[in-house]
Amino acid sequence: MDTSGFQPLDHQRLAPDEMQRRAQALNVEAQRRRSVREFSSDPIPEGVLDHCILTAGSAPSGAHKEPWTFVVVTDPVKKRAIREAAEEEERENYSGRMNEEWIKDLERLGTNAEKSFLETAPALIIVLRHAWQVAPDGEREQCYYTQESVGIASGFLLMALHHAGLATLTHTPSPMGFLTKLLGRPSNEKPYLLIPVGYPAEDCTVPTLERRSLEQLRIQES
Ligand code: IYR
């Protein structure tokens, strides 16, 4: 068998009680994550976002194409430009593009077309999905399962940021084409999510909601 290009997996089995403890502890932490719309403008300590982005980049991807880029925006002028363009799209969304049922579903979240968090949050991370890639020789290369891959990477990113003590919002001011232009990114990079990141505001509130129970989530096929 040709084993070139392979290496032993770095893995150690844990004792069952340690597995239990770790699985439970991560769930306790995950359950505290909430989507936040009120941010403090306090800056994020240097280096924290880099580690979180590296964690996102550890996600699995189709044929290991790593079809993602994470753009970090902290410049107030650029944040303002993004806010203005996002609010323009959102005004269209709230005044006709979203149907009645959608508007009603959002009522309990208290959202509207006003997106001041895009300026208040100290950083915006824009997740870009590579629909294809360009090889060094200029040839167009295929990417595979990019929606799945970038979705998983975004999940890793949200959890890493939460784990580091930061609040996030999973924001999709669709259509998001304006971001490709504003950020000067090539046309193969499609905006996937816009994630404001920072500390929550001192007086931040979040909608009261319940999550599905294990009985609702897990179906045991025996
Ligand atoms: N993008 C809009 C609307 C919106 C849509 C969903 I689905 C939400 O869960 C929340 C908001 C906005 O950000 O206001």
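Tabulated results
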{"read-out": "Residues located in region 156-177, provided they are part of a helix (DSSP H, G or I) and either more than 16 Å from the ligand (Cβ to nearest atom) or at pLDDT below 95 (or both)", "value": "PHE156, LEU157, MET159, ALA160, LEU161, HIS162, HIS163, GLY177"}
{"read-out": "Residue match in region 94-110 (condition: within 14 Å of the ligand (Cβ to nearest atom) and under 15 Å from the mean Cα position of the chain (by Cα))", "value": "no"}
{"read-out": "Subset of region 1-39 (residues that are open to solvent by less than 70 Å² (accessible area, probe 1.4 Å) and free of Cβ contacts under 8 Å to residues at least 24 places away in the same chain)", "value": "ALA15, GLU18, ALA23, ALA25"}
{"read-out": "Region 105-118 residues that are under 12 Å from ASN93 (Cα atoms) and in a loop (DSSP other than H, G, I, E, B), paired with ones that are open to solvent by 60 Å² or more (accessible area, probe 1.4 Å) and not basic (Lys, Arg) (beta carbon under 7 Å, 6 or more apart)", "value": "ASN112/TYR94; ALA113/TYR94"}
{"read-out": "Residue match in region 76-93 (condition: open to solvent by 20 Å² or more (accessible area, probe 1.4 Å), closer than 19 Å to LYS181 by Cβ, away from the ligand (no atom under 16 Å from the Cβ) and free of Cβ contacts under 8 Å to residues at least 24 places away in the same chain)", "value": "yes"}
{"read-out": "Any hit, region 47-69, residues being more than 16 Å from the ligand (Cβ to nearest atom), part of a loop (DSSP other than H, G, I, E, B), within 30 Å of LEU209 (Cα to Cα) and modelled with pLDDT of 95 or more", "value": "yes"}
{"read-out": "Any hit, region 119-129, residues being open to solvent by less than 30 Å² (accessible area, probe 1.4 Å), touching a residue at least 40 places away in the same chain (Cβ under 8 Å), part of a loop (DSSP other than H, G, I, E, B) and within 16 Å of the ligand (Cβ to nearest atom)", "value": "yes"}
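Every residue, every condition in (1) open to solvent by less than 80 Å² (accessible area, probe 1.4 Å); (2) under 13 Å from the mean Cα position of the chain (by Cα), yes or no:
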| residue | (1), (2) |
| --- | --- |
| ASP137 | no, no |
| ARG140 | no, no |
| ILE152 | yes, yes |
| SER187 | yes, no |
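The values are calculated or read from the model by the stated rules, or taken from the named source; none is laboratory data. Keep in mind that what you see is a predicted model, and the values were worked out from it rather than measured. Quick reminder, even Gly has a Cβ in these numbers, built from the backbone with ideal geometry, and neighbours come from all protein chains shown. The area values use the complete protein model at the heavy-atom level, side chains included, leaving out ligands, DNA and RNA. Shrake-Rupley method; radii C 1.70, N 1.55, O 1.52, S 1.80 Å.
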